[in-house]
Structure formats: C-alpha cells, structure tokens
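The values are calculated or read from the model by the stated rules, or taken from the named source; none is laboratory data. What you see is a predicted model, and the numbers here were worked out from it, not measured in a lab. Neighbour counts run over all protein chains shown; Cβ positions are idealised from the backbone, glycine included. Side chains are part of the model used for accessible areas, which takes the heavy atoms of the whole protein and leaves out ligands, DNA and RNA. Shrake-Rupley method; radii C 1.70, N 1.55, O 1.52, S 1.80 Å.
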Amino acid sequence: MQLAVDVGIPERLGGVDGYCIYADTEGSFVGERISEISSALVQHLQSVDTEFKSDSLSLLSRITYYRLNDYIEQLAFVHSLEQIIKQNNKIKLIIIDSVTFHFRSFTDYLLRTRLLQEMALNLIKIAKDNNIAIVLINQVTTQITTQNVATIIPALGESWKHYCTNRAILFWKNGKRCVKLVKSPHQKSSEEYFSISTAGIRDDEEMYQNEYISTQNDNNDNTQNEINNSQINITN
C-alpha cells in the first residue's frame, strides 16, 4: 500500500508523478488503511514543500483497484494489462498482492507451472515495453530438509524466483521487522530494519540510533588506537 501511494509523489520532490494498478487476490486491501497512509504522506510532502497543494483524495485517485477472485480472473487481468496501460500512459506501478494465493491449492503441478510461466513472461514483457515497475507479493512456506531442518522457501517453489529481476524478503530479526535484498542486478545484498505505524512504512529509528552509537564508539576506539600507535611510533 505504501508503494501504491508513493507513486503519486511529484517529480520535483523525487517521485515519478505516476498512477498505480493494485490487484488484490486475497481480499486484504483495506480502504481505511490506505487512506491513513495517504494522509500521512500528504502531511509530509506539505512539510517539505509549501507549494504542494494536493490532498489525500487526489493521491488515492491515482490508484485503480482490481479484486481478483480466482486464478482465471488473475490470468485474464494480466492479459488485459496492455489495453489498460494504453488508456493511461502515466501508469508507473503494478502491484499483484499476492501472486501466490490462487495457485497454492493446485494439485496439477504441471499445469500450475505452465500457467505461472506464461503469466511471468507476460509481466516481464509489459514491464520492459512500458518502463513500468511490477511488484509481485509472494508467500512463503516451510520445507523440511533431509536433515529434518525447517527452512523457509517461496511458496511457488524455487523456479519462480528466477523470473524476478529483484527479490526482497521480509522477516523478523532481533524482534524487529527487517527486509533483505537477496537478488538484484544493480545492488549488493543488504538488510535494513523498518517499522510499520499508522503513517505507513518508516525507518526503524531505534535501530538506527543504536547503530549510530555503535559506530561512534567504534570510531572513538579507532581514534584512540591511532593515537596510541602514533605514541608508540614516536617512542620508537
């Protein structure tokens, strides 16, 4: 939801001034929640730019919502995206939340693999042809290895992850929300802590403060070591 709202940020403020298509397969899209996020974004933008005059409803009007009730509707939606984009060339983001939901109950795995491959190739083509970001939310499941060790894997299997250009995993670490970039052609793998509030997704200030204090202490230790080393060199 945060991405869907942020796509409307003006270019002069570092945004793309675009529109978003939000496809909901799980029925988890809550109007009140995205309204809170939109209102918080408007307040933030007005605090950094007094000339920003848009309101929350203006940002929300840039989001087109689709409720997809089964995998047939999901496939039909993907096939119709080209025509939808032609009607609005300012669409910059497509979100499918989640791409997994309607395919997890499949017992015919060959059919599931074929349908997912076709959908993935269509989405890749749409993204490249129209210079649009497509965000696919995947679920995870637990897999027991031969050593009886539980590991977390993508719900659609290992093959699905190869279709995505960038992959990020959300998880809990040290009691905090964390996101890890695990695949990207342009960025190295890294982790960042974040928090979720009524205003939306934000940096985890507590973790950053702790990291800052730790860095400062490390710097002080390094400085002291440099002083000691200098004294030793002078003595020698």
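Below is a table of values for the structure above.
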{"item": "Local net charge near SER54, Cβ-Cβ under 14 Å (Lys/Arg +1, Asp/Glu -1)", "result": "-3"}
{"item": "Separation of the CYS178 and GLN46 label points, Cα + 7 Å toward Cβ, nm", "result": "3.8"}
{"item": "LYS161 paired with ILE84, simple spin-label distance in nm, labels 7 Å along Cα-to-beta-carbon", "result": "2.8"}
{"item": "Additional length obtainable on full extension of the chain from ILE137 to SER190, 0.36 nm per residue less Cα span", "result": "17.1 nm"}
{"item": "Proximal charge balance of ASP97 [Cβ under 10 Å; K/R count +1, D/E count -1]", "result": "-2"}
{"item": "Sulfur and carbon atoms: percent of accessible area, the chain [1.4 Å]", "result": "51"}
{"item": "Probe 1.4 Å, protein heavy atoms only - accessible area per residue of the chain in square angstrom", "result": "63"}
{"item": "FRET efficiency estimate (nearest 0.05) - Cβ-Cβ, ARG12 to ILE153, R0 30 angstrom", "result": "0.10"}
{"item": "Solvent-accessible ranking of THR145, THR100, largest area first, probe 1.4 Å", "result": "THR145, THR100"}
{"item": "Antiparallel DSSP beta bridges within the chain, as percent of all bridges there, nearest 5", "result": "55"}
{"item": "The chain: angle of helix 71-86 to the longest principal axis, Cα-based, in degrees nearest 10", "result": "80"}
{"item": "Nonlocal amide H pairs with GLU26, under 5 Å, H built at 1.01 Å", "result": "SER98"}
{"item": "Computed log₁₀ I(q)/I(0) - Debye formula, equal Cα scatterers, no solvent, the chain, q 0.09, 0.13, 0.14, 0.16 Å⁻¹", "result": "-0.52, -0.94, -1.06, -1.31"}
